[in-house]
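As structure tokens, the structure follows; a few thoughts come after it.
Any read-out appearing in this document is the output of simple, stated calculations on the displayed coordinates, not a laboratory observation. Just so it is clear, the model here is predicted, and its values are computed rather than measured. All Cβ positions, even for glycine, are placed from backbone atoms using ideal geometry, and neighbour counts span all protein chains on display.
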Amino acid sequence: MTLGSISPSPCSDLCNFVRERTGQNVLDCYQCGKCSAGCPAGYVMDLGPRQVMRAIQLGLKEELLASKTIWLCVSCQTCSARCPANIDIARVMESLRWLAAVEKTTPAEKEIEVFHRAFLGVVKRFGRAQELLLAAWYNLLSKNPLANISLLPGMLTRGKISFLPARVKGGVEVKRIFDKVKAIERG
Ligand code: SF4
Ligand code: SF4
């Protein structure tokens, strides 16, 4: 099935999901391509942002959740800034990552999905990304505990990372934000 071979319904279930989750109306996309033209990660994506918008209009949920694109998007918001229809495409991408995680879809970019989990886990516990802990947690989650270990001495001696976690003001509030979001999602 190709993206161009199907006529869009007024609003697919996926399109409704995106609207409810992000407030963005993907049906406003008229396929001008300005988002794809400016995307710095477009060259490694399997679907450009414009194609993602079209696929949502068509309700191609499985194809989207299995795509590399949703994990390769770096949330730089270039597409959102360029869109003449004022669609916040970066936010739409984020909603697709969330849906893929909730539905436990096997990620096309496993390492990136693991990095997302490690990053959020460290920020939740320590209020910010603590580089050494983040690297260690990522290695553990990816079942490769000694990955890149040879880089550690050089980074420590050059002051790029520290053994001591940085002190964070408001770490408790950050944890409360995570708890609140979880409660909203459950509700
Ligand atoms: S820039 Fe906006 S209107 Fe143009 S293709 Fe991308 S999402 Fe659609
Ligand atoms: S937010 Fe994602 S899709 Fe949009 S331009 Fe940046 S990398 Fe590309």
(Q) At 1.567 mPa s and 4 °C, plugging the Kirkwood radius over alpha-carbon pairs of the chain into Stokes-Einstein gives what diffusion coefficient in µm²/s? (A) 70
Q) Is the shape of the range 3-102 best called rounded, prolate or oblate, per the rule: a/c under 1.5 gives rounded, else a/b larger than b/c gives prolate, else oblate, with a ≥ b ≥ c the square roots of the Cα gyration tensor eigenvalues? A) rounded
Q: In a Gaussian network model over the chain where Cα atoms closer than 10 Å are linked, find which of ALA147, ALA81, ALA100 has the largest mean-square fluctuation.
A: ALA147
Q.
Can you give me the long-range amide H partners of ASN144? Hydrogens built in the peptide plane at 1.01 Å from N, cutoff under 5 Å, separation of 5 or more residues or another chain.
A. none
Q | ³J(HN,Hα), Karplus 6.51/-1.76/1.60, whole Hz, each residue of the range 67-73, x for Gly, Pro | A | 7, 6, 3, 5, 8, 7, 4
Q) For the chain, with only Lys/Arg (+1) and Asp/Glu (-1) charged at the beta-carbon, what is the dipole magnitude about the Cα centre, in debye rounded to 20? A) 780
Q) What residue among SER67, SER150, SER95 has the largest mean-square fluctuation in a Gaussian network model of the chain, using Cα springs under 10 Å? A) SER150
Q: Answer rounded, prolate or oblate for the range 110-186, using the Cα gyration tensor with square roots of eigenvalues a ≥ b ≥ c: rounded when a/c is under 1.5, else prolate when a/b is larger than b/c, else oblate.
A: oblate
Q: With springs only between Cα atoms under 10 Å apart, run a GNM on the chain and tell me which of CYS73, CYS32, CYS11 wobbles the most.
A: CYS32
Q) Quick one: which of 49-58, 168-177 comes out on top by average Cβ neighbours within 10 Å, and what's the full order, highest first? A) 49-58, 168-177
Q: Once you have a ≥ b ≥ c as the square roots of the Cα gyration tensor eigenvalues for the range 75-128, tell me rounded if a/c is under 1.5, and otherwise prolate or oblate according to whether a/b is larger than b/c.
A: oblate
Q | Protection proxy ranking, peptides 160-166, 102-108, 88-94, average beta carbon neighbours within 10 Å, highest first | A | 88-94, 102-108, 160-166
